[in-house]
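Report on the following structure.
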Amino acid sequence: MMNLKLEHTFFIGGLLLLSLGINMMTTITSFGLSPYDSLFIALYQNFGLSIGSWMFIINLIFTLIVLCMNRKRITIGTIVTMVLISVFVDMIGSVTVIMDGIRALPKYITLICGNVSVGAGIGIYVSSQLGTAPQEAFVLTISEKTKWSFQKTEISLACLFLTASFMLNGPIYFGTIILSFTTGWLIQTFIQVGTKALQSCRTQEAH
C-alpha cells in the first residue's frame, strides 16, 4: 500500500510539474516555443483545423503506432494521463496569482524554469510506471526497439518535428532550438532519479 501511494504521489506530482511547465512556456510563445507546439501551429496555419485538433491527430498517430509495435504501452493509464494533463493545465492556468507571477519573470528565466519543469514532470511521472502520454509511450517504444537511450530518441523526435515545422514555415525561435536539444536530456535524467528514488523506498520498506 505504501509503494502504491508513493507511486501515485510521483505520478500526480510529475503531471502537476509538467502542467506548470506547459503554462510557463505559453507565456513566452515569441521566445521559447517547443518543437511540438511549433509544428501544431504550422499545421494549423497551412491546413486549417484547430491547434487542439492537430494535437489530437498527432497523439492518435502516436497511439496507433505504439499499438502496432507494443500494445502493452497503451493502457488505461495512458487515457488517465491525457485527461489529467488537460485538467491540470487548465487548473493551473486559471490561477491568476500563479500566472501573474510567471509573467513577471524575465523571459529567459521562464524558459529555463519552464523547460526544467516540463522535463522533470515527464521524467517523474514516467518513472512511476502508472501511465504515459502517447508521445512518451511512442518515445519509450522506439527507444526499446532501436536500443537508443530515451534522451537520444526524444531529441531525434524533437528534431523531426522541428524540421517539419521549418518546412511548413512554422514559428521557430531561439528558445525552440534550445528546447529541442535539452528537454530529452532532462527527461532522461529525471526518469533515472525517479526510478532510483522509488527503488530506494522499496528497499527500505523491505528491511
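Table for the structure above
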| read-out | value |
| --- | --- |
| Residue check, Met82 in contact with a helix residue (DSSP H, G or I) (Cβ under 8 Å, 6 or more places away or on another chain), modelled with pLDDT of 90 or more, of a type in the set (A, V, I, L, M, F, W, C) and surrounded by 13 or more Cβ atoms within 10 Å (Cβ to Cβ) | no |
| Restricting region 20-46 to residues that are β-branched (Val, Ile, Thr) and in a helix (DSSP H, G or I), the residue that is surrounded by the most Cβ atoms within 10 Å (Cβ to Cβ) | Ile22 |
| Selected residue (only one of Thr63, Thr78 is under 11 Å from Ala133 (Cα atoms), in contact (Cβ under 8 Å) with a residue 60 or more places away in the chain, among the β-branched types (Val, Ile, Thr) and in a helix (DSSP H, G or I)) | Thr63 |
| Helices (runs of 4 or more DSSP H) lying entirely in region 87-149 (those with 2 or more residues that are within 19 Å of the chain's Cα centre (by Cα)) | 107-127, 134-146 |
| Positions within region 144-161 being touching a Leu at 6+ places or on another chain (Cβ under 8 Å) and closer than 14 Å to Ser34 by Cβ, in sequence order | Ala158, Phe161 |
| Residue identified as of a type in the set (Asp, Glu) and either touching a residue at least 40 places away in the same chain (Cβ under 8 Å) or within 21 Å of Phe11 (Cβ to Cβ) (or both) among Asp37, Asp100, Asp90 | Asp90 |
| Matching option when the condition is hydrophobic (A, V, I, L, M, F, W, C) and over 23 Å from Phe150 (Cβ atoms), among Ala137, Ala104, Ala133, Ala120 | Ala104 |
| Residue satisfying condition, being surrounded by fewer than 22 Cβ atoms within 10 Å (Cβ to Cβ) and either β-branched (Val, Ile, Thr) or in a helix (DSSP H, G or I) (or both), within set Leu6, Leu17 | Leu6 |
| From Ile12, Ile51, residue being among the β-branched types (Val, Ile, Thr), surrounded by fewer than 21 Cβ atoms within 10 Å (Cβ to Cβ) and at pLDDT 85 or above | Ile12 |
| Any hit, region 36-59, residues being of a type in the set (A, V, I, L, M, F, W, C) and within 20 Å of Ser143 (Cβ to Cβ) | yes |
| Selection from region 143-158 of residues that are of a type outside the set (Lys, Arg) and without any contact (Cβ under 8 Å) to a residue 60 or more places away in the chain | Ser143, Thr146, Trp148, Ser149, Phe150, Gln151, Thr153, Glu154, Ile155, Ser156, Leu157 |
| The listed residue being more than 25 Å from Ile57 (Cα to Cα) and of a type in the set (A, V, I, L, M, F, W, C), out of Ala158, Ala137, Ala120 | Ala120 |
| Residue check for Leu49: outside any helix (DSSP H, G or I) and on the phi > 0 side of the Ramachandran plot | yes |
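The values are calculated or read from the model by the stated rules, or taken from the named source; none is laboratory data. A quick note: this is a predicted structure, and the numbers were derived from the prediction, not measured. Neighbour counts run over all protein chains shown; Cβ positions are idealised from the backbone, glycine included.
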